[in-house]
Structures are given as structure tokens and as C-alpha cells.
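> Provided herewith is a single structure, encoded as C-alpha cells, for subsequent inquiry.
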Amino acid sequence: MYFKKIPVLKVESVNDEYFVLRIRDKELTQNIKPGQFFQIKDPDVAIPLLPRPFGVYDIKEDVLSFLIKKVGESTKNLSILEEGHIIQLLGPLGNGFPVAQNKKVLIASGGIGYAPMPYLEQKLKEAGNEVWFYHGGQSSNDVFCDDVQNCTEDGSCGHAGLVTEHIENCFDSMDVDVVYACGPELMLQALSVLCNERNIPIYVSLERIMACGVGACCGCVIKIKENGKVVYKKVCKDGPVFGGAKVIWDE
Amino acid sequence: MNKCEIKFGKMRWKNPVTVASGTFGLEYAELFDLSQLGALTTKTITPEPKAGNEPQRIIETEAGLLNSIGLQNPGVQEFIKTDLPEYSKIDTNLIVSISASSINEFASLVKKLDTQLGIDAYEINISCPNVENEGIAFGTAPEIVFDLTKKLRETTDRTLIIKLSPNVTSITDIAKHAENAGADGLALINTLYGMAIDVETKRPKLHNIVGGYSGPAIKPVALQNVYKVANAIKIPILAMGGISSVNDALEFIIAGATAIAVGTYNFINPLGTIEIIEGIQEYCISHNISYKKLIGSIQI
């Protein structure tokens, strides 16, 4: 874990909702597990106070990238940063996805849940896995890559409908060993049910409001089933990746 | 010669800066050498493990943070077994924050911890707004604060710091009761009561409805509390409440605090404590004033 102040290399707009933030740093790009995240903040901005957590989208040599959706003030502020502006990064944080070896794996993402998946896909392929990648969004605005199976709710790109429905339709023909998912919680919950019915392990990456990001404050806990008991686990440190079968989903 | 050394109760601190209970942990040892701090303050420990409150536990609001963590901690046994040996390796003072639900429980908790080496002080958390029947239930009644402090004074020789709540009618009255009962120092302030509501769902944003409010927004409130208490008592004050810069820390010291604690700001800048330590030292040098003279040097 590092805490560094680093100049912005580039902010690239994807469309009016999403952008990619890039920084260059030798240390920060070492040994990052897919699914790990950084707490990022513009130190010149007093309010909002807290940094925001963003999953690692891509690492190419010493360039670290984050795919970010503009949802509030912090993300909007980051989206208009100019090259050279100093931002602070704390990380890498969290446990990350366990990378299978020589298996048949399925990646499923929804909306901004796509962010940590291309880097996971790369690592999975390097480890000899056969990878299917399904991504869903509301419209073509939420689609980021033509090389994956895209689904949109309004049918403006790829298959029309929910990505979970699409996966359910072809799940049994694929003979999947492991599923990796990140996206809206209803999607993760539905996928966990599908996987549990078939006894397929599923790893889900969750998002919660965080303060410290390192496990000190206990602010971001979720309920997890562990040894027959329900316990609180910290999304920042024990997660953000959890076995989907163990998560007690919000009603 | 380090000009910012202080004496706090029976402790000697190399500098006047610690962290506020619940906002810091050994996790930060990956980022800097924790022995640089004047003292370390643990998360509050209770006699039995506490799971903490239902989420949602934190919400950021205007210039502050609302929390209702609920003193999640592994309990004293596990603390002694797992955390204390790690804390003991760090070459600085260790303040163990504790809470319990009766005076006798507080006393037996202190007795248990007193058998362990490596602890320099107890911070008696009688001001947590997020747990029922303990925490703040003690901190609002001057007579109970007196009885509790007296009992703990009879129980331990270690430095006793009573942590006070701002959510009271007269904080100076409570401070005096703690002093008269034998406290070595006071820590103030704990969080203010606060809440936030989602106007679309009309539901409170915290599951517990009401939580504790911290961060820059509460600094003026904390400062006036420290100023008032400093004028009412003789024992040292460990001041906290929104400290986010060297300037903030200096204000509290000038108002009468002997030491300061950084809380919510650790989440914003995990190296903030170190920057504040250096800044205080630089201020003393550039203003040609000893740290001891700076304490309570407010000009009215």
C-alpha cells in the first residue's frame, strides 16, 4: 500500500457519462491484483471530504488507468482535471479476485461494474483460462468494448435485455468452472442464485461508501455467512471481492 | 533538543500528536513509522466482542462525516492476544480506549488490562453516541463521571484520561468532576449528535437514524469546548474535533490543549499527523516560542 501525490497523465472522455483517468507511476503499477482498488482524491478540493474508491481498469507498463462514471461531485471534479494536476492515491487496496488456472471462466459485468474486468480478463487469460465475457448496460452509452458479449436494456447495442437473462439462457451450454462478477447488486444476487443452483463458485466485487479504505474505521461492512454465523466483513479490506454464496444481500 | 516534548499524566510524549480512537489502526504502519506519533490511541475495546451496528454506518455530509459504527471490536481477550503484542512493538505511548456498561465492568476491564505490559494510559470512552446503555449514558451525568473516575483511580496507577461528550448541558461541570475524582487528563470532544435524511425515500441515511458527527464542520464547536474546559481545570487536555491542518492544531493548543488528536482527517490524508507534527515544530521555531509556553497562550 502506498500513499502518493501524482500528476494526472490524462483524462479521456468515453462519452458524457464515463471517462478514463490515467496516471504514470512505477511503484503503483507493481503487483496489483485484479479487483483491487485505489482511494483517489484531488487534494485541492476540500468538499467532498473523503477520497472515493476506484477499481483498477488497466495497467500498461507504468501507466495505471481507472474507468470512472460521473455520479456525484467527486467524480465530476475528477473528470475535468487537466494533465499535470496533482491527485492523491492510496492503494492498492482490498483483496482482489482469485485468479483461476486453466479453467473455463465467465466474467459478467453491469454498468460501471465493467471497470475492474478488462484487467481481470487479461490476468485470467495469462493464467491459461478460457474466458467468456458478458457485459450489460441500460443503453449503448454503458458499453465499452466490442470484443465482449454486450447486452443493453433498450436494445441499442448487442443483445436486447438484461445480461443476467442472456447468461441464464446460455449458461448450461457453456460448462463454466468459475464466475466473476461486478455490477448492480440485484445483478450480482441473481447471478449468485444461478451459480448456487449449479454448484459453480462465483466471486462478486461489491461497492460500499467507504471512509478509510484500509480496514481501520469499520464503516463499510456487509453481512457475510461464515461457519454458520452471520458476521460483518469490511468491504475495503476483507473484500471488495466475496464468494457470492456467502453474501447476505440487502432486501 | 526537541522543543515539543510534553508530559501528559504519567506519560512523556516526544511530540503532542496522537490519533483519535476509532479512526486509526495498525494498517497505517504500511505507510509510515507509527513510532513518530507522540502516542497511539486504539479503537475502543469492550469486555466482550462487539459486532457493531447494522449498516449503513457512515455518510459524508457537508464538511463532515456521520458515523454509527457502534464500537465494533474483538473484545478485550482477543485484543490482548492479537493486537496488543503488535502495538507493543511500536516505540511510542499506547493509549487504550475502553468502554463498558457499568462502573464495575469498567473496573474489571482496567484490572484485566493492568496485568499486561505495554499500555501507558486508558482513555475512558464515556461519550460514544452510538451504543445504548454505555458510552454516552455515563458521560452526561457529572456524579456518575465522578464515581466512575474515582473507582478507576483506585484500580490503576496508569494514566487515566476521561473522554468527554459535547452533547451535555455543562461540559465544564463534568470536566471538574473528572478532575476532582483523580483523572490525569481529559480528552475532548467526542462526536456531536447528527443525522441525515434521503429526501427521495424519506428514510434516515444511517441505519441507526442518529450518529456521531465529526470532521472539519465540528472544529469551532470543539475549540470553544476546549477553551472553556481549559479555563476550568488544571489537568492536561487532549483536544480533538475536526483537526485537519497545522493551523487547526495550533488553535487548539493556543486555546489550552496540551496535546491534540487527529481523527476523521486520517481518512482524507493518512500522513496528516506527520505533517501536523512537523508544522507545530516549525511554528515554535519560527515564532521563537517554546511549546510549553504556546499551550493556553490565547490573548483575550
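> Would you please name the residue that is nearest to the chain's Cα centre (by Cα), looking only at residues in the range B:89-140 that are hydroxyl-bearing (S, T, Y) and farther than 28 Å from B:I58 by Cα?
Checking each candidate, the answer is B:T92.
> Run down B:E86, B:E78 and say which single residue is in contact (Cβ under 8 Å) with a residue 24 or more places away in the chain, assigned to a helix (DSSP H, G or I) and more than 21 Å from the chain's Cα centre (by Cα).
B:E78
> Still on this structure: Please work out if A:G219 is of a type in the set (G, A, S) and within 12 Å of chain B (Cβ to nearest Cβ).
Yes: the conditions hold for A:G219.
> Within the group A:I80, A:I47, which residue is surrounded by fewer than 18 Cβ atoms within 10 Å (Cβ to Cβ), modelled with pLDDT under 95 and aliphatic (A, V, I, L, M)?
Answer to the check: A:I47.
> Test each condition in (1) touching an Asp or Glu at 6+ places or on another chain (Cβ under 6 Å); (2) surrounded by fewer than 17 Cβ atoms within 10 Å (Cβ to Cβ); (3) free of Cβ contacts under 8 Å to residues at least 40 places away in the same chain for A:E12 and report the one that comes out false.
Of everything listed in (1) touching an Asp or Glu at 6+ places or on another chain (Cβ under 6 Å); (2) surrounded by fewer than 17 Cβ atoms within 10 Å (Cβ to Cβ); (3) free of Cβ contacts under 8 Å to residues at least 40 places away in the same chain, A:E12 misses just condition (1).
> In the range B:6-33, what count of residues is obtained for those that are more than 14 Å from every other protein chain (Cβ to nearest Cβ), surrounded by fewer than 23 Cβ atoms within 10 Å (Cβ to Cβ) and under 16 Å from B:I274 (Cβ atoms)?
Summing the residues that are more than 14 Å from every other protein chain (Cβ to nearest Cβ), surrounded by fewer than 23 Cβ atoms within 10 Å (Cβ to Cβ) and under 16 Å from B:I274 (Cβ atoms) in the range B:6-33 gives 2.
> Being of a type in the set (D, E) and touching a residue at least 60 places away in the same chain (Cβ under 8 Å) is the filter here; which residues of the range A:26-65 pass it?
A:D58
> Return yes or no: is A:C218 hydrophobic (A, V, I, L, M, F, W, C) and under 30 Å from B:F32 (Cα atoms)?
yes
> Continuing with this model, one more query. Return the total of residues in the range B:194-213 being free of Cβ contacts under 8 Å to residues at least 12 places away in the same chain, part of a loop (DSSP other than H, G, I, E, B) and hydrophobic (A, V, I, L, M, F, W, C).
1
> A:R52 versus (1) more than 12 Å from chain B (Cβ to nearest Cβ); (2) closer than 24 Å to A:F97 by Cβ: which is the lone unmet condition?
(1)
> Which members of the range B:73-82 meet the condition of being surrounded by fewer than 22 Cβ atoms within 10 Å (Cβ to Cβ) and either more than 12 Å from chain A (Cβ to nearest Cβ) or of a type in the set (F, W, Y) (or both)?
Selection gives B:G75, B:Q77, B:E78, B:I80, B:K81, B:T82.
> I'd like to know if the range B:238-248 contains one or more residues that are closer than 26 Å to B:Q281 by Cβ and of a type in the set (D, E, K, R).
So far as the range B:238-248 goes, yes, one or more of its residues are closer than 26 Å to B:Q281 by Cβ and of a type in the set (D, E, K, R).
> If you don't mind, another one. Kindly evaluate B:D173 against the criterion of being acidic (D, E) and touching a helix residue (DSSP H, G or I) at 6+ places or on another chain (Cβ under 6 Å).
yes
> Quick one: A:I68 ticks every box in (1) in a strand (DSSP E or B); (2) more than 14 Å from chain B (Cβ to nearest Cβ); (3) surrounded by 15 or more Cβ atoms within 10 Å (Cβ to Cβ); (4) in contact (Cβ under 8 Å) with a residue 60 or more places away in the chain bar one, so which box is it?
So A:I68 meets the others, but not (4).
> Which of the residues belonging to the range A:222-243 are assigned to a loop (DSSP other than H, G, I, E, B) and within 12 Å of chain B (Cβ to nearest Cβ)?
Those that are assigned to a loop (DSSP other than H, G, I, E, B) and within 12 Å of chain B (Cβ to nearest Cβ): A:V235, A:C236, A:K237.
> Something else: For the range A:10-51, how many residues meet the condition of being β-branched (V, I, T) and not in a strand (DSSP E or B)?
5
> Within the range B:140-166, restricting attention to residues that are assigned to a loop (DSSP other than H, G, I, E, B), among the polar types (S, T, N, Q) and within 26 Å of B:P16 (Cβ to Cβ), which residue is modelled with the highest pLDDT?
Among those that are assigned to a loop (DSSP other than H, G, I, E, B), among the polar types (S, T, N, Q) and within 26 Å of B:P16 (Cβ to Cβ), it is B:T156.
> Right, another one. When the range B:219-255 is examined, which residues are found to be assigned to a helix (DSSP H, G or I), surrounded by 24 or more Cβ atoms within 10 Å (Cβ to Cβ) and without any contact (Cβ under 8 Å) to a residue 40 or more places away in the chain?
Result: B:V226, B:F252.
> Looking only at residues that are among the polar types (S, T, N, Q) and assigned to a helix (DSSP H, G or I) in the range B:89-120, which one is nearest to B:D33 (Cα to Cα)?
Among those residues, the one meeting the criterion is B:S108.
> Let me ask something else. Scanning the range B:45-72 for residues that are of a type in the set (S, T, N, Q), within 11 Å of chain A (Cβ to nearest Cβ) and touching a Gly at 6+ places or on another chain (Cβ under 8 Å), which turns out surrounded by the fewest Cβ atoms within 10 Å (Cβ to Cβ)?
B:T61
> Can I ask one more? Out of the strands (runs of 3 or more DSSP E) lying entirely within the range B:1-55, which hold 3 or more residues that are under 25 Å from B:Y213 (Cβ atoms) and touching a strand residue (DSSP E or B) at 6+ places or on another chain (Cβ under 7 Å)?
B:17-19, B:39-41
> Which one of these is within 19 Å of B:A39 (Cβ to Cβ) and at pLDDT 95 or above: B:G242, B:G272, B:G215, B:G296?
Criteria check complete, one pass: B:G272.
> Can I ask one more? Quick one: which of A:I200, A:I248 is within 14 Å of chain B (Cβ to nearest Cβ) and free of Cβ contacts under 8 Å to residues at least 40 places away in the same chain?
A:I248
The values are calculated or read from the model by the stated rules, or taken from the named source; none is laboratory data. For clarity, every value in this text was computed on a predicted model and none was experimentally measured. No Cβ is skipped: glycine too gets one built from the backbone with ideal geometry, and neighbour counts run over all protein chains shown.
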